[in-house]
Amino acid sequence: MIEDVLKWHSIPTPIIESLAGSDLTTGIDRVLNFGDLPLNDGRPLAFCGASGSGKTLSLSKLIANNICATSTNTLVLACDRTPGSYAKISSSLNGTSAEIVDACYPGAVIEPYLYNPAGRQILIDLPGVCIYAKKQMSEVMDIVDRTKAHLVLVIPAGMDPEEAADISAAFIERGASHMIASRLEQSGRIGSVITAGACGLTLTYGSYSSSLNKGFSLLSPGILARRLLNLP
């Protein structure tokens, strides 16, 4: 029964076998790592992922839900060059205390903003990227290298699990260690989330709503087990 459910979510067979041998919650706890984001350690967090993965909304939710311990002293570097991206993030964070810097244009000077007084948390909205496009990846990693940021990968529910594995492996190779699961309210299948976590990323927050102020909390083995078993 459980194996059939996991197959329905398109979870790869080796991961299904790793989850076997106990109840689902225990299996998930054994196979996946859970934790919080590395906030307030003096380094920026850079949100990365494919275009449309929900990284901008995830970043905005982190601020809007006051998850940053220094939420009154947060700087956002908006580096996504997609048309309308800066306007979108500015609108979503209107009414918060976050300072937003437009760094969407080529050659944007961002180094002066990296000074970190009084524990200011810096969040970076990276351009959406195709991992197979070398130029795109090079541009993204140039920003990461210049800012010395932690890479936080955003993986949406409903993505093909094999694609999620490829994206996770590519960003892990470049230093990513944490992930956020997005669009959990939009897809019945969440095999992509399980697969990305099984690649070695620490699962942190899950986004369950397109609303800025709702549906954003830390994931746990129990939460994922219930979500897997809750079939449409």
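Laboratory data are not the source of any read-out in this text; all were calculated from the coordinates shown. Bear in mind that the values here come from a model prediction, so they are computed numbers and not experimental data. Cβ atoms come from the backbone with ideal geometry, glycine included; neighbour counts cover every protein chain shown.
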For the chain, the spread of Cα positions along each principal axis, largest first, Å = 55, 36, 30
Along region 4-14, what does the Karplus equation 6.51 cos²θ - 1.76 cosθ + 1.60 (θ = phi - 60°) give for ³J(HN,Hα), rounded to whole Hz, x for Gly and Pro?
-> 5, 4, 5, 5, 4, 7, 6, 6, x, 3, x
Could you give the dipole magnitude of region 151-225 about its Cα centre, charging the beta-carbon of Lys and Arg +1 and that of Asp and Glu -1, in debye to the nearest 20?
-> 300 debye
In whole Hz, the Karplus estimates of ³J(HN,Hα) for region 78-86 (6.51, -1.76, 1.60; θ = phi - 60°; x where Gly or Pro) are 8, 10, 6, 8, 4, x, x, 5, 5
Could you tell me whether region 72-209 comes out rounded, prolate or oblate from its Cα gyration tensor? Rule is a ≥ b ≥ c as square roots of the eigenvalues, rounded for a/c under 1.5, then prolate if a/b exceeds b/c, otherwise oblate.
-> prolate
When each of Lys61/Lys135; Lys55/Lys134; Lys61/Lys134 is checked by Cα-Cα distance, pairs over 23 Å | Lys61/Lys135; Lys61/Lys134
When the charge dipole of the chain is computed with +1 at the Cβ of Lys and Arg and -1 at the Cβ of Asp and Glu, the Cα pointing farthest to the positive end, of Cys79, Ser90, Ala157, is that of Ser90
